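Each value in this text was obtained by applying a stated rule to the coordinates, not by laboratory testing. None of these values were measured; they are calculated from a predicted model. So basically every Cβ, Gly included, is an ideal-geometry build from the backbone, and we count neighbours across all protein chains shown.
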Amino acid sequence: MRRALIAALGVSSAACSWSRFDEVTESAPVVMLNQPRSMGAGFGLSVLTATRDENTILFVGGAFGQSSAATFNLGFGESPDTDASDVEYCNGAVGQCFLGAPPAVLSHAELDGEEHDFCFPLGLGDTPLQGVGVMTRCADTTVFGYPIPPSFDHDAEFAVQVGQPELLALVADGGEDPWLVAAAPTQPIAWFYRFGSIEPVSLVIPGEPPGSYGTTVGALAKPDGERLLAVGAPEQEGVFLFRADDENVTFLGCLGGTPGFGRAMSSGVVLADDDVPELVISDNRSVFVFDGAVLLDLPQATGNVCTLAALPENGLVSSFGCASQEDITGCNNAQFGVAHGVGDLDGDGDGEIAVGAPGMTTRGMSTAGAVLIWDLEERGDDQLSDVLFMSSAESNDQLGATLALPRIQGRNIVAAGAPGNGKMALFYCSELVPPELRGERCK
C-alpha cells in the first residue's frame, strides 16, 4: 500500500507528498496519539516537550480549568508510545489544580538541593506543603508549588477555593538550568524564578502596566547564563523586555505597535552565525523574528512606549505572513501565528520556524488547519519552505492551534494539536529533511 501511494502521489509534490499521511498502519509519517480516557474535553489544547539525557517526552493538556493532562514517551527513534505513560497531571489526585494557559516544562528542577527531571509547572494549584502557588509535578511524581508574589495571594486563594481557575501564563527559557517565567494578566503582574530557587522575582515596568500585561510570556537563555525575559500585552500591542542574570534585572523597553503584537512567543536558534536563540513574536497577521543577541545588548530603558522603530540595525531578522498553496487556503481566517515554535527539522544545526494556522481550509475541509514552515537561511528570508497537514483532515480539527518541536535522533519533529476534534499528531517528515536523515517513516 505504501509504495502504491508514493507512486500515485510523488514524494516531490509539496501539496500531496507521503509526509502528510496518517491513514496507514505501517511506518506512517504522521503518528496520532491516543487520548487517555481520564482526560476531558480539548485534548491537544496545550502541548510541551522536553529532552533529558536523550529521553524525550511530550506533555498534552486539555481544556483549561476542566481537563487533566498526560505525558507520552517518544522514545529514542521513530517508535513513540501512542498511549500515555502518565495521566496524573492536574487530575485532582493531589490538591486542586488548574492548567495554565499554557503550562510550562522544565527539563529539570532543583528543590531543596535535589534535582528532579521533567517537571511541569501546571498552573495555579493548592499544594500540601507550600499552599496556593504555581503547582508543579515532576516525572518522579514529586509535587511542589512555586510561591506566588504576595500581592497575588488573596486573589489566587479565592480562585482555588471557589473552583474558578485563575489562568497563568507560564514559560521556561530552555537553558541548561532553566528558569521559569510566570504572569497573571488579571492583576496584571509578571515574575520569574531562577534555577534552584522558589523565590518569585517581579518584572516591573515604568509606570502602570497595561491591562493585558502578562497575557503571554517568553524567554531565552544565552550559553553564558544571561536571560532575555519577555512579557506580552497583546491588547496594547506590546512586548516588554528584560535582561536578567543571577543577580540583576534590567528593563530594556517595549517592542510592538501592530495589532495583537505579542499574541504568542517562542524562541530558538534560527541563525547559524551564533548560538544565541532568537525571539519569535506574532501579532494578529504576521510573525516577527528578532535577533536575541541584539535584544540582549539593548540599553536600560526608562519609558514604556511600544515600537519597532527604535530597534538597532539587524535587530529584526525577518517577518512574514500567512501563505496559501493548492491544498491549503483561507489565510483571511487562518488564525495564523496563534502558536509557533523553533526546531532543527533538517538537522543542519540551525532552527526552522513552525507556525500554526488552525483556521485554514485543508483539502476542502474548513478550519481543518495546517502548520507552515519557514527555513530562514539568511536575514530577510520570508519564503514559505513547507506545509504540514493530515491526510485525514476533518472540518474543525484546528491543527496547529498548539505546537511543540520534540528533539529525537539529532533533529526535531513537529507535534501539533488539533483540539477541535481532540487530536494530537506527530509529523516525522518534511520536505526539508535531507535523504541521509530520512528514517523509515520518511522514505
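So here's what we get for this one:
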quantity	calculated
Approximate spin-label separation Glu226-Thr142, in nm, with each point projected 7 Å along Cα-to-Cβ	3.1
Simple Cβ-charge dipole of the chain, Lys/Arg +1 and Asp/Glu -1, about Cα centre, in debye nearest 20	1480
Förster-model FRET efficiency, 60 Å R0, Ser202 and Lys443, C-beta, rounded to 0.05	0.70
Gyration tensor (alpha-carbon) shape descriptor, the stretch 325-443, a/c threshold 1.5	prolate
Highest-fluctuation residue, Ile281, Ile353, Ile205 considered, GNM on the chain with Cα pairs under 10 Å	Ile205
Integer Hz, Karplus 6.51/-1.76/1.60 couplings in order for the stretch 353-369, x for Gly and Pro	10, 9, 10, x, 9, x, x, 6, 8, 10, 6, x, 9, 5, 6, 6, x
Principal axis dimensions, largest first and in whole angstrom, of the chain by Cα	63, 52, 38
Diffusion coefficient, µm² s⁻¹, Stokes-Einstein with Kirkwood Rh over alpha-carbon pairs of the stretch 32-87 at 37 °C and 0.692 mPa s	287
Rounded FRET efficiency, nearest 0.05, which uses the C-beta distance separating Asn332 from Glu54 and R0 of 45 Å	0.55
Angle in degrees between helix 153-162 and the longest Cα principal axis of the chain, rounded to the nearest 10	60
DSSP-assigned coil residues among GluC sites (Glu not before Pro) in the stretch 189-280, each with at most 13 further Cβ atoms within 10 Å	Glu247
Distant-in-sequence amide H partners of Gly253 (H built 1.01 Å from N, under 5 Å)	Leu241, Ala301
Charge context of Asp297, other residues only, Cβ under 10 angstrom, K/R +1, D/E -1	0
Nonlocal amide H pairs with Asp344, under 5 Å, H built at 1.01 Å	Glu352, Asn412
Listed residue (Ala404, Gln383, Leu432) projecting farthest to the positive dipole end of the stretch 367-435, Cβ model	Ala404
From the C-alpha gyration tensor of the stretch 388-443, square roots of 5λ in Å	23, 12, 8
Quarter of Cα convex hull surface for the stretch 241-310, i.e. mean projection, nm²	5.3
Hz values of 3J(HN,Hα) by residue in the stretch 75-88 - Karplus curve (6.51, -1.76, 1.60), Gly and Pro given as x	x, 10, x, 10, 10, x, 6, 7, 9, 5, 8, 8, 10, 9
From phi via Karplus (6.51, -1.76, 1.60), per-residue ³J(HN,Hα) for the stretch 308-313 in Hz, x at Gly/Pro	9, 5, 8, 5, x, 4
Share of Cα-Cα pairs in the stretch 98-189 lying beyond 19 Å, as whole percent	34
